[in-house]
Amino acid sequence: MKFDTKVVRSGISPDPSTGAIVPPIYQSATYVLEEVGKDKGYDYTRASNPTREMLENNLAALDGGKYGIYYSSGMAAVDSVMKLLKSGDHIVCSDDVYGGVSRLYNNLLVNYDLTFTYVNSSNPQEVEDAIQNNTKLIWIETPTNPLLKITDLDAVGKIAKRHGILYGVDSTFSTPALLRPLEFGADITMHSTTKYLSGHNQIIGGILITNDDELGEKCKFIQKTVGAVPSPFDCWLTLLGIKTLSLRVTRHCENAQVIAEFLEAHPKVERVTYPGLPSHPQYDIAKDQMDGFSGMISMELKGGIPSGISLMNGLKLCSLAESLGAVETMITHPATMTHADVPKDERLARGLTDGLVRLSVGIEDSEDIIADLNQALDKI
Ligand SMILES: *Cc1c(COP(=O)(O)O)cnc(C)c1O
């Protein structure tokens, strides 16, 4: 099956009792046994649920994996990966990793005697140089949030293999429509399905995907043991969202490309970062390993904080909102919104400059998005 067919069909079959084409929401905590030792494949929804299982099988197929293990959030999925480790282990991680991930690492998991080294994984040599005797996980995000750095997954995959280290990739910004990290040697692919996969800002969820029997079994054990599982209704909403993944992602990419080009030519904009622009430092790698450049753009406005505030307040169509990957165009100014509480030097050290703006381009008509950005930029 080709990818676009898998999106609509893989793992999903009509309801055996009625023929309903849309999978039922199996909103049940438990399942009745026919007799002792004889169930129909389900006993308790924390362990498994038919609606969730269809979603897990569908997403696993899209990433070319055998096992999908679904969680109540992207963060719960990341936390499950960490539960594969033991105290004393060391982790090498992309430096511009999602803020929730670094918060989990730096504010919670350090208390369990795990240690972390953050590296610019766009340079694979930095990943290799950071490896210690006790390194047990390499955690890569590509493109990163919010600076959209790209990592050469194949190069890091070879390093992970050579050193026998577990290799996980947060592929949320790419989606399986554009990138399938297992093809590049990743052991585990992770997505926050809150973003492009569900696509309509309707749920919080996360998935791990792997081809490795042992890892699949361990993650399934962690899922059932810890219990960070979503409701069957959330799984059902996600299943419906995924049906249009290919169409949506194509449009996100088309819109983002023209908007990035518009912004790059705009006099109020200092710099645009978009993997689909030849000016992006890893443009060639992105072109080789991805089937498109996604819908995320970041830009540096001239004039710092006042310009950021002016742009945010001047927009009429684009929504001032955290999160990304949904049909609506959403925009954030980290210095005054998501990272307003981070001390300035720390924020700047992380590359989150005063004029940095992150745009999650939606699937509206690009001319309307550009007109909105243009009128708001003019008011700066
Ligand atoms: C949103 C996000 C997460 C966390 O997912 P939640 O569903 O919000 O828990 C992790 N990584 C990336 C890249 C994200 O964008």
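Structure summary
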item	result
First in segment 83-101 and under 15 Å from Glu128 (Cβ atoms) and within 16 Å of the ligand (Cβ to nearest atom), second anywhere and in a loop (DSSP other than H, G, I, E, B) and of a type in the set (A, V, I, L, M), Cβ under 8 Å, 6 or more apart	Ile91/Leu85; Ile91/Leu114
Residue within segment 30-41 that is in contact (Cβ under 8 Å) with a residue 60 or more places away in the chain, at positive phi and in the same structural domain as Gly206 (by TED's automatic domain parsing) present	no
Some residue of segment 70-81 being surrounded by fewer than 16 Cβ atoms within 10 Å (Cβ to Cβ), modelled with pLDDT of 95 or more and not aliphatic (A, V, I, L, M)	no
Among the residues listed as Ile331, Ile259, the single one being buried (at least 16 other Cβ atoms within 10 Å of the Cβ) and over 16 Å from Phe173 (Cα atoms)	Ile259
All positions within segment 72-82 that are within 11 Å of the ligand (Cβ to nearest atom), among the small types (Gly, Ala, Ser) and either over 22 Å from Val229 (Cα atoms) or outside any loop (DSSP other than H, G, I, E, B) (or both)	Gly74, Ala76, Ala77
Single unsatisfied condition, Asp4 versus (1) at pLDDT 95 or above; (2) in a loop (DSSP other than H, G, I, E, B)	(2)
Matching residues, segment 365-380, being over 17 Å from Glu261 (Cβ atoms) and of a type in the set (Asp, Glu)	Asp378
Among the candidates Val119, Val127, Val110, residue that is buried (at least 24 other Cβ atoms within 10 Å of the Cβ) and either over 19 Å from Pro275 (Cβ atoms) or not assigned by TED's automatic domain parsing to the domain that holds Gly199 (or both)	Val127
All positions within segment 199-227 that are under 30 Å from Val327 (Cβ atoms) and within 16 Å of the ligand (Cβ to nearest atom)	Gly199, His200, Asn201, Gln202, Ile203, Ile204, Gly205, Gly206, Ile207, Leu208, Ile209, Gln223
Residue match in segment 155-169 (condition: within 11 Å of the ligand (Cβ to nearest atom) and either over 13 Å from the mean Cα position of the chain (by Cα) or modelled with pLDDT of 95 or more (or both))	yes
Residue that is within 16 Å of the ligand (Cβ to nearest atom), among the charged types (D, E, K, R) and in contact with a strand residue (DSSP E or B) (Cβ under 8 Å, 6 or more places away or on another chain), where the choices are Glu300, Glu322	Glu322
Any hit, segment 38-53, residues being closer than 23 Å to Val127 by Cβ, surrounded by 17 or more Cβ atoms within 10 Å (Cβ to Cβ) and of a type in the set (D, E, K, R)	no
Identity of the residue in segment 1-58, of a type in the set (Val, Ile, Thr) and closer than 18 Å to Gly241 by Cβ, that ends up nearest to the chain's Cα centre (by Cα)	Val7
Candidates Ala60, Ala20, Ala47 - the one that is in a helix (DSSP H, G or I) and either away from the ligand (no atom under 16 Å from the Cβ) or not assigned by TED's automatic domain parsing to the domain that holds Ser171 (or both)	Ala60
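The values are calculated or read from the model by the stated rules, or taken from the named source; none is laboratory data. This structure is a prediction, so every number in the text was calculated from the model and none was measured. Using ideal geometry, Cβ is built from the backbone for each residue, glycine included, and neighbour counts are taken over all protein chains shown.
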